[in-house]
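Single-structure report; data block below.
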Amino acid sequence: MKQIDIDDLLDKLCPSDVLQPVKIKKEAGLVLDDTVVDDTKKNLYINGFQTDAQYSSLTMENLALRYTQGIRLLNSNNLTNISHLAHWQPSSYKIGNPIENVLDDNMSTFWQSDGVQPHELCIYFSKRMDISLIAIFISLIADESYTPRLIKMYVGHSPADALFYKNIEIRNINGWAALTFEDNRSPDNLLKCQFVRLVLPINHENGKDTHLRGIRIYSPSKTSSVETSEWIQSFDTNSKLFTEYSLR
């Protein structure tokens, strides 16, 4: 069969004038690296950016101070902590390192998985919640190969209907990251859901099990109309809170 006949046959099977180019849709993603100063991402890092001098001198004591500092900021009266209203279910945990450790306000304790990758953390609420911010404490210095390199986030009303929301790539961070949802609902910047799943498929340095030291979930305060982004920007980095807990 001649090439012209083949082309004619293919055109009859699927007319070329109805074909449309395929557009590859990239998955939404967020990169965490608090050593790269970027004013467009300053609200992302509760503890602020790290200078080279700060990064090179970070110790576990410094990290504990950053952990406490972040919780103080997060527990301001502009947001309501609803973490305790959820049921937290990990795919596995090592004896002595249960999931409750991510909620205990103690940087020295952590959840450690104890199974094959990918690891998962499912968060169930009894009703649909208005979520304005999810904060995660991550430290490459503290956890090394136990630090997740990628977190895939799914949300919905239940595990059965949860849809992929975003990839979170962790390059370099030692502090609290504030995940907000301006890209989800621009009118109110809220994530409205009853179920959240965090999937951790890969670690730094090809580690197998994962550590998470702190997670907080916040909804808008009923007594305040301040939006999340404005709330974070309102903090004065020269305030007593920051200077008392700065790295030296």
| task | Return the pairs, sorted by first residue and then second, in which the second residue is among the small types (G, A, S) and at pLDDT 95 or above, the first residue lies in the stretch 197-209 and is part of a helix (DSSP H, G or I), the beta carbons are less than 9 Å apart, and the residues are 6+ apart or on different chains. | result | H204/S145; E205/S145; N206/S145
| task | Any chance you could count how many residues in the stretch 149-167 are within 28 Å of H204 (Cα to Cα) and assigned to a strand (DSSP E or B)? | result | 12
| message | List pairs: first residue in the stretch 26-45 and over 13 Å from G175 (Cα atoms), second residue modelled with pLDDT of 95 or more and among the β-branched types (V, I, T) anywhere in the structure, Cβ distance under 7 angstrom, at least six positions apart or on different chains. | response | L30/I168
| field | Wholly within the stretch 47-135, strands (runs of 3 or more DSSP E) carrying at least 1 residues that are β-branched (V, I, T) and surrounded by fewer than 16 Cβ atoms within 10 Å (Cβ to Cβ) | value | none
| Residue in the stretch 183-193 that is free of Cβ contacts under 8 Å to residues at least 60 places away in the same chain and outside any loop (DSSP other than H, G, I, E, B) present | no
| Residue within the stretch 142-149 that is touching a residue at least 24 places away in the same chain (Cβ under 8 Å), at positive phi and either among the β-branched types (V, I, T) or surrounded by fewer than 19 Cβ atoms within 10 Å (Cβ to Cβ) (or both) present | yes
| In the stretch 117-136, is there at least one residue being within 19 Å of T40 (Cα to Cα), among the hydroxyl-bearing types (S, T, Y) and touching a Phe, Trp or Tyr at 6+ places or on another chain (Cβ under 7 Å)? | yes
| said: Go through the stretch 166-189 and report how many residues are at pLDDT 95 or above and not basic (K, R). | reply: 12
| request: Being within 17 Å of K208 (Cα to Cα) and in a strand (DSSP E or B) is the filter here, so list the residues in the stretch 136-148 that pass it. | output: I138, S139, P148
| request: Working only within the stretch 36-46, note down all residues that are in a helix (DSSP H, G or I) and not hydrophobic (A, V, I, L, M, F, W, C). | output: D39, T40, K41, K42, N43
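The values are calculated or read from the model by the stated rules, or taken from the named source; none is laboratory data. Here the structure is a predicted model, which is why all the values come from computation and not from measurement. Cβ atoms come from the backbone with ideal geometry, glycine included; neighbour counts cover every protein chain shown.
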